[in-house]
Amino acid sequence: MKHTINLLVENNVGSLLRIAGMFSGRGFNIDSISVGSSEEEGLSRMTIVTHGDDEIIEQINKQLNKCINVVKVFDLTGEAFVHRELALIKVQATPTERSEIMQIAEVFRAKIIDLSPTALTVEATGTEDKINAIISMLQPFGLKEVSRTGRIALKREFQGVTV
Amino acid sequence: MLVTSSPEVEKSATDEKMVAPQILTGAEIFLESLVREGVDTIFGYPGGALISLYDYLFKEKRLRHLLVTHEQGGTHAADGYARATGKPGVVLVTSGPGATNTVTGIATAYMDSIPMVVFTGQVPSHMIGNDAFQEADILGITRPITKHSYLATNVEELADIIHKSFHIATTGRPGPVLIDLPKDMLASKTAYFPAVEIDLRGYKPTVKGSFKQVRNAAKFLQGAKKPVVYVGGGAILSDAAAEVTEFARKLNAPVTTTLLGLGAFPETDDLSLGMLGMHGTWYANKAVDECDLLIAVGARFDDRVTGNLEKFSPHSKKMQIDIDPSCIGKNVPVDLPIVGDIKSVLEELNPVLEKCESDAWLQQIAQWKKEHPLRYSKSNDVLKPQQVIEELSKVTEGNAIIASDVGQHQMWIAQWYKFTQPRSHLSSGGLGTMGFGVPAALGAQVACPDRTVVGIVGDGGFQMTSMEIATAVRYNIPVKFIILNNGYLGMVRQWQELFFEKRYSNTHLNPSNPDFKKLAESYGAWAMQVKTLDELQDAFEKMMTITDRPVVLDVIVDQQEKVYPMIPANGSFENIMEAEE
Ligand SMILES: Cc1ncc(C[n+]2csc(CCOP(=O)(O)OP(=O)(O)O)c2C)c(N)n1
Ligand SMILES: [Mg+2]
């Protein structure tokens, strides 16, 4: 099963290396990993998407907790959480194709952020499904380059009322 | 958490409050911080990146530096020092090759959770990454085999990093920590503030077991008729031998230990089953196979213990106490886990324990011990390796510190030396590092000058680090070494005999083994070759009288002898092979 794990880690390269090394050394999967600064100075927030059976996921959580430079581990799976991914997609586009691509972008609430005589770059945010969908739609025009951030996530603040 | 310090240091610290802080170099801060941590011994080897630090060491009187002969030996010596005392072993080596030579020793300590702090010299900060002379990315190389590591580029942070490292190395599940020291940092100066508040937000090991779980445990243990306590290295690391012993006696349960758990429970006690696992006793393995309750105390269900996981202890409810949550339920599902330090958990649990109705079980076990004892056949023509260990156990009354190397001799030590005290059996269990025995014994003897310390090694492994005899001679360390010389890489030979139709591929050593007596004597050690029981007894008597240099006994033993019982890899109790009667 897919798990989204949110970490607060010390803000240095060592943290990333230790965590990535732990995953590879123990044969755990990384579907995506994204890291950037957090609300607190000196700490980064990292979102790791991984998969495995319950025992493996339990080990992953425990091993992450063991890393000295990991301050907090929250496995968001099973809780309500919001998540997004950002993608930049550079598509081949002749001037005649442009408007069609722009229409597609509009449907996905994506933006055109760069334009050249032969290509344009689309910025899309959303769930992985949505990003996959827009990429498939743009594929026929010819994808020049695609860059995706991987998932970032936060726990939903209001978890709703259970009746 | 405040760094602990001796009263004198405390005093000087308060004195310092009145005067302006001292301006010290990184090298001086390094030494001050070590003294503050209570370090008395450094195992090290100098080089370009550390030459200025070594100049300060030259004048330093508060701690001693032992020049080892190879950096690998330095790490194993520090490891032996740590295993024998519980204090962290400290290693200091230069950059590049000095640092890379420590890798095996660090990995060995990591696998067995041994507290160690390794300082490596590094090229000046501005040259890092330039492929400078004697540069190695030692942090990168050792990241998977250290509990944590630091690059100390900023002299202002050095004291803090050192104290954090000692804290990390020695608390929770212990382990090695590495600190990389760039040369320019060691030379730069800063105001030194000795009192340090350790703040590690990501590191708060659980020491006390949860009150509720301990209560649950007391209930969980009730009603068992066939309990077994399975004790691992965690009990030794936690200094919990007394608590483990009380636990087993109160519960009226037999105790088996892992290789690293030996010494946590006196083997002279009727409740002792000796070691379990691949080369464990028949009755320990039988008891684990049949028990209805298995209590793992600081043990991690390693594959050398469990064999085939599906068939391991199939009838038992399981309880596990460990300080490392990631060890709990990793290989074997556990019905009642307690996360915490063994000593502190047992201190809570022992007073509320109830005795099990296990008398019939203990009688059954006594019967098994009679029917399936550890055994070997003596011969008039050649010494048996087991006999050598048995003799030594008698001569030293089970009170020596025994460091082993890796191979057949290691298993014979575990089987035949009757350990009565914790921190007396030093062995590389997790990594199984040949070359560990000689330097580890040396380190233990340095740490415990009043104990008899014997390194028992194979003729193969001895030659991986035998140069540390020079270190023992250099400092008049009267550590004893016994080479169980069977002319083979015996453990591999045993597998070849049993599982590869006696094709002895690359395991015969005799044609090229040196004359170990001459080799040892050339270093300045006292040495003797031994072939008979009389000579052995004579040699033991003489070696005990030597107090000013190392001793090497080259004991020629049966080449064919095998370690039994044996449960082949991934097998289970039904596959156990015993020695012929
Ligand atoms: C550094 C290292 N290399 C290889 C091995 C594999 N190995 C395990 S036991 C053994 C044989 C050891 O021979 P010896 O030291 O003579 O001891 P004996 O088994 O004969 O008692 C070998 C090669 C190892 N454990 N460590
Ligand atoms: Mg041998």
- Item | Matching option when the condition is at pLDDT 95 or above, over 22 Å from residue B:562 (Cβ atoms), more than 14 Å from ligand 1 (Cβ to nearest atom) and not hydrophobic (A, V, I, L, M, F, W, C), among B:387, B:364 | B:364
- Query: In segment B:272-317, what count of residues is obtained for those that are open to solvent by 20 Å² or more (accessible area, probe 1.4 Å) and within 16 Å of residue B:244 (Cα to Cα)?
  - Reply: 0
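Determine whether residue B:363 is among the polar types (S, T, N, Q), part of a helix (DSSP H, G or I) and more than 28 Å from residue B:173 (Cα to Cα). Before the answer, list the steps.
On the way: among the polar types (S, T, N, Q): yes; part of a helix (DSSP H, G or I): yes; more than 28 Å from residue B:173 (Cα to Cα): yes.
Considered against the rule, which asks whether it is among the polar types (S, T, N, Q), part of a helix (DSSP H, G or I) and more than 28 Å from residue B:173 (Cα to Cα), residue B:363 comes out as yes.
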- Hey, residue B:480 more than 17 Å from residue B:68 (Cβ to Cβ), away from ligand 2 (no atom under 16 Å from the Cβ) and open to solvent by less than 70 Å² (accessible area, probe 1.4 Å) or not: yes
- Item | Residues of segment B:193-232 satisfying the condition of being at pLDDT 95 or above, in a strand (DSSP E or B) and of a type outside the set (A, V, I, L, M, F, W, C) | B:227, B:230
- Query: What's the number of the condition residue A:110 fails, among (1) within 14 Å of chain B (Cβ to nearest Cβ); (2) buried (at least 19 other Cβ atoms within 10 Å of the Cβ)?
  - Reply: (1)
- Specify which of the listed residues (A:84, A:45, A:98) is touching an Asp or Glu at 6+ places or on another chain (Cβ under 9 Å) and charged (D, E, K, R). A:45
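For every residue, the table says whether it meets (1) closer than 21 Å to residue B:328 by Cα; (2) of a type in the set (A, V, I, L, M, F, W, C); (3) within 12 Å of chain B (Cβ to nearest Cβ).
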residue	(1), (2), (3)
A:8	no, yes, yes
A:15	no, no, yes
A:18	no, no, yes
A:34	no, no, no
A:54	yes, no, yes
A:57	yes, yes, no
A:65	yes, no, yes
A:68	yes, yes, yes
A:72	yes, no, yes
- Of the residues in segment B:323-344, those that are more than 14 Å from every other protein chain (Cβ to nearest Cβ) and either assigned to a loop (DSSP other than H, G, I, E, B) or among the aromatic types (Phe, Trp, Tyr) (or both) come to B:335, B:340, B:341
- Query: Would segment B:208-218 turn up any residue that is hydroxyl-bearing (Ser, Thr, Tyr) and buried (at least 18 other Cβ atoms within 10 Å of the Cβ)?
  - Reply: no
- Task: Determine whether segment A:28-37 contains at least one residue that is in contact (Cβ under 8 Å) with a residue 60 or more places away in the chain and touching a helix residue (DSSP H, G or I) at 6+ places or on another chain (Cβ under 8 Å).
- Result: yes
- Message: Just checking, does segment B:158-165 include any residue being surrounded by 24 or more Cβ atoms within 10 Å (Cβ to Cβ) and within 14 Å of chain A (Cβ to nearest Cβ)?
- Response: yes
- Task: Count, please, the residues in segment B:293-322 that happen to be within 21 Å of the chain's Cα centre (by Cα) and part of a strand (DSSP E or B).
- Result: 4
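The values are calculated or read from the model by the stated rules, or taken from the named source; none is laboratory data. Remember, predicted model here, so these are calculated numbers, not experimental data. Positions of Cβ are generated from backbone atoms using ideal geometry, with glycine treated the same way; all protein chains shown enter the neighbour counts. With ligands, DNA and RNA removed, areas are computed over all heavy atoms of the protein, side chains included. Shrake-Rupley method; radii C 1.70, N 1.55, O 1.52, S 1.80 Å.
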